[in-house]
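One structure is given here, and the rest of the page talks about it.
The values are calculated or read from the model by the stated rules, or taken from the named source; none is laboratory data. Because the structure is a prediction, the values reported are computed rather than measured. Every residue, glycine among them, receives a Cβ derived from its backbone with ideal geometry; neighbour counts consider all protein chains shown. Only protein heavy atoms, including side chains, enter the accessible area calculation; ligands, DNA and RNA are left aside. Shrake-Rupley method; radii C 1.70, N 1.55, O 1.52, S 1.80 Å.
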Amino acid sequence: QAQLEESGGGSVQAGDSLRLSCAASGIAFTIYAMGWFRQAPGKEREFVAATDGNTPNTYYANSVKGRFTISRDDAKNTMYLEMNSLKPEDTAIYYCARRLSYRASTSEYDYNYWGHGTRVTVSS
């Protein structure tokens with residue numbers, strides 16, 4: 001059964017770091033673009049970061065650029081989001097997603113497989 005499963009969320013203080021993981025099973029991973037999105041309470045889901053398939057190209061939302069790093073280990077079918085210098089405004093449920101294309105997109109509507117999310121809470 002096709003599945004994306006996020007892990008690594010938690011409650012931290014501002015300035016702390018977290019690393020999120022997204023493990024893929026039952027679906028092709030290597031050649032496809034993968035992305036991270038987040039949804040804060042009362043807000044719409046927004047793009048965080050993405051990586052093209054089969055290339056090292058990465059893309060970031062301006063709000064996380066320089067603080068977050070997206071990476072993938074194709075041998076393990078796993079994608080990561082290293083989050084440093086966390087801020088209270090980073091508080092959200094974080095979702096990973098796969099696009100049925102090698103080229104990443106910042107639009108959630110371009111992704112066809114989604115995980116259930118992992119919660120990140122950053123306190124000031």
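I'd like the full set of residues that are over 13 Å from the mean Cα position of the chain (by Cα) and either without any contact (Cβ under 8 Å) to a residue 60 or more places away in the chain or within 12 Å of Tyr80 (Cα to Cα) (or both), limited to region 19-49. Once the filter is applied, which keeps residues that are over 13 Å from the mean Cα position of the chain (by Cα) and either without any contact (Cβ under 8 Å) to a residue 60 or more places away in the chain or within 12 Å of Tyr80 (Cα to Cα) (or both), region 19-49 yields Ser25, Gly26, Ala28, Thr30, Ala40, Pro41, Gly42, Lys43, Glu44.
The set of residues in region 78-124 that are more than 13 Å from the chain's Cα centre (by Cα) and in a helix (DSSP H, G or I) comprises Pro88, Glu89, Tyr109, Asp110.
Note on region 69-100: among residues that are farther than 20 Å from Gln39 by Cβ and of a type in the set (A, V, I, L, M, F, W, C), the one that is surrounded by the most Cβ atoms within 10 Å (Cβ to Cβ) is Leu100. Pairs linking a residue in region 80-101 that is within 16 Å of Glu46 (Cβ to Cβ) and among the β-branched types (Val, Ile, Thr) to a residue that is assigned to a strand (DSSP E or B) and open to solvent by less than 30 Å² (accessible area, probe 1.4 Å), with Cβ atoms under 6 Å and 6 or more positions apart or on different chains, are Thr91/Val122. You will find that of Gly66, Gly53, the residue that is open to solvent by less than 50 Å² (accessible area, probe 1.4 Å) and assigned to a loop (DSSP other than H, G, I, E, B) is Gly53 and no other. The set of residues in region 27-50 being assigned to a loop (DSSP other than H, G, I, E, B) and either charged (D, E, K, R) or in contact with a Leu (Cβ under 8 Å, 6 or more places away or on another chain) (or both) consists of Ile27, Tyr32, Lys43, Glu44, Arg45. When restricted to residues that are open to solvent by 40 Å² or more (accessible area, probe 1.4 Å) and closer than 19 Å to Arg67 by Cβ, region 1-42 contains 8. When region 101-118 is filtered for residues that are within 22 Å of Gly8 (Cα to Cα) and loosely packed, with under 13 Cβ neighbours inside 10 Å, only His116 remains.
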